[in-house]
1. Just a yes or no: is a residue in the stretch 149-156 among the small types (Gly, Ala, Ser) and under 29 Å from GLU247 (Cα atoms)?
2. For the stretch 195-305, which fully contained helices (runs of 4 or more DSSP H) count at least 2 residues that are surrounded by 16 or more Cβ atoms within 10 Å (Cβ to Cβ) and touching a Ser or Thr at 6+ places or on another chain (Cβ under 8 Å)?
3. How about the stretch 78-118: which of its residues are more than 9 Å from the ligand (Cβ to nearest atom) and either within 18 Å of the chain's Cα centre (by Cα) or in the same structural domain as LEU261 (by TED's automatic domain parsing) (or both)?
4. Spot the failing condition for PHE69; the list is (1) surrounded by fewer than 21 Cβ atoms within 10 Å (Cβ to Cβ); (2) within 9 Å of the ligand (Cβ to nearest atom), and only one is missed.
5. Any chance the stretch 141-151 includes a residue that's more than 8 Å from the ligand (Cβ to nearest atom) and part of a strand (DSSP E or B)?
6. Does the stretch 265-294 hold any residues that are within 9 Å of the ligand (Cβ to nearest atom) and of a type in the set (A, V, I, L, M), and which are they?
7. From GLY118, GLY102, grab the single residue that is surrounded by fewer than 23 Cβ atoms within 10 Å (Cβ to Cβ), within 28 Å of PRO36 (Cα to Cα) and in contact with a Phe, Trp or Tyr (Cβ under 6 Å, 6 or more places away or on another chain).
Amino acid sequence: MNASTRDTRARAAHAVPAPAIPAPAATRPSPMAPLPYVVTSVHRDTYDTVTLVLEPEDAALPSWEPGQFTMMYAFGVGEIPVSVSGDPYRQDRLVHTVRDVGAVSHAIASARAGDVLGVRGPFGHGWLSDGWPQHDVVVVAGGLGLAPLRPVVYGLVAHRAKFGRVTLVVGARTPADLVYTREYEAWRSCGLDVRVTVDRATPDQDGRPWTGQVGLVTAPLARVALDPERTTAFVCGPEVMMRAAAEALADRGVSDQQILLSLERSMKCGIGVCGHCQLGPDLICRDGPCVTYRHAAPLLAVKEL
Ligand SMILES: Cc1cc2nc3c(=O)[nH]c(=O)nc-3n(C[C@H](O)[C@H](O)[C@H](O)COP(=O)(O)OP(=O)(O)OC[C@H]3O[C@@H](n4cnc5c(N)ncnc54)[C@H](O)[C@@H]3O)c2cc1C
């Protein structure tokens, strides 16, 4: 057996199955025309954040990949980009976690079961342009940054045996800002090393005192055992946190090609036409949101770009 056959066989043995893709809609919808989706359930994650499950009223959007986003439209109010945060192996529905920060996100976060929202997409480059990682994985999430990372976490959990060490470092301003807290134990029981830290130890969502770690995500990240040559890192959160986490990982020898970040800019069209989300030479809706740290580092180095 020559080296190339061995490589092919090794890759096949490692391959993580692609999500089941439902039958395509009869005609691909125009990327600018929102399709009506019915809200089938609403879960309140925190005081300002909810997770909506949506199902197509009629035609469905094409299947999505972890790290992609849709443009969600609250009729008569406006449209915003929101990451898909559900299970990539459940393509029959869309799951979106939305923080109420302004007019449109407020309208979407106020939706109830039975309401109809418009959705376009999916758009952008996801986390897995180069496929699933082959060895160890570190996922670093700050605040709502865990939303676009959760589909990756679901894939890691579903195919745990295919990966080496898998660590998830989650940070938030306070315990009441942590999302998906009820899933952390399930992820641990599937073999993920889940470490949680908060900036301030105020009571959690149920009013209980915080007994966990206090400090920035870079503190638990510094304690994660790493084999830099075998590690892929996924990082999402506020820009300052992504910069610090990516620098810390790079300092420990993880290649800047193996550190992936998701960039965020205000968007309008979602398809690289309007120029609203320009960041340096990139349009984030088209060239991102997920990019390597090698690509992002010069952009993140310029404040207010
Ligand atoms: C690719 C991508 C994925 C996103 N995924 C999610 C997600 O999964 N869940 C979620 O809740 N939000 C997500 N966002 C952010 C979301 O789009 C904004 O919160 C939303 O556009 C705010 O619109 P608004 O009308 O509610 O508030 P506005 O009235 O527009 O703004 C309210 C406040 O939020 C700030 N703001 C507005 N837009 C952004 C933005 N894009 N980034 C940072 N701050 C902003 C404004 O400066 C202002 O302080 C994502 C953004 C992008 C670009």
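The values are calculated or read from the model by the stated rules, or taken from the named source; none is laboratory data. Keep in mind that what you see is a predicted model, and the values were worked out from it rather than measured. Cβ sites come from the backbone with ideal geometry, for glycine too, and all protein chains shown count toward neighbours.
1. yes
2. Of the helices (runs of 4 or more DSSP H) lying wholly inside the stretch 195-305, those with at least 2 residues that are surrounded by 16 or more Cβ atoms within 10 Å (Cβ to Cβ) and touching a Ser or Thr at 6+ places or on another chain (Cβ under 8 Å) span 239-251.
3. GLY86, ASP87, PRO88, TYR89, ARG90, GLN91, ARG93, LEU94, VAL95, listed by residue number.
4. (1)
5. Of the residues in the stretch 141-151, the ones more than 8 Å from the ligand (Cβ to nearest atom) are 141-143, 145-146, 149-151.
Add one more test, that the residue is part of a strand (DSSP E or B), and what stays is 141-142.
Checked the stretch 141-151: at least one residue is more than 8 Å from the ligand (Cβ to nearest atom) and part of a strand (DSSP E or B).
6. Scanning the stretch 265-294 gives MET267, ILE284.
7. That would be GLY118, the only listed residue that is surrounded by fewer than 23 Cβ atoms within 10 Å (Cβ to Cβ), within 28 Å of PRO36 (Cα to Cα) and in contact with a Phe, Trp or Tyr (Cβ under 6 Å, 6 or more places away or on another chain).
Residues checked against (1) of a type in the set (S, T, N, Q); (2) within 14 Å of the ligand (Cβ to nearest atom); (3) without any contact (Cβ under 8 Å) to a residue 12 or more places away in the chain:
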site	(1), (2), (3)
VAL217	no, no, no
ALA222	no, no, no
LEU226	no, no, no
THR231	yes, no, no
ALA248	no, no, no
ASP251	no, no, yes
LEU263	no, yes, no
ALA296	no, yes, no
VAL302	no, no, no
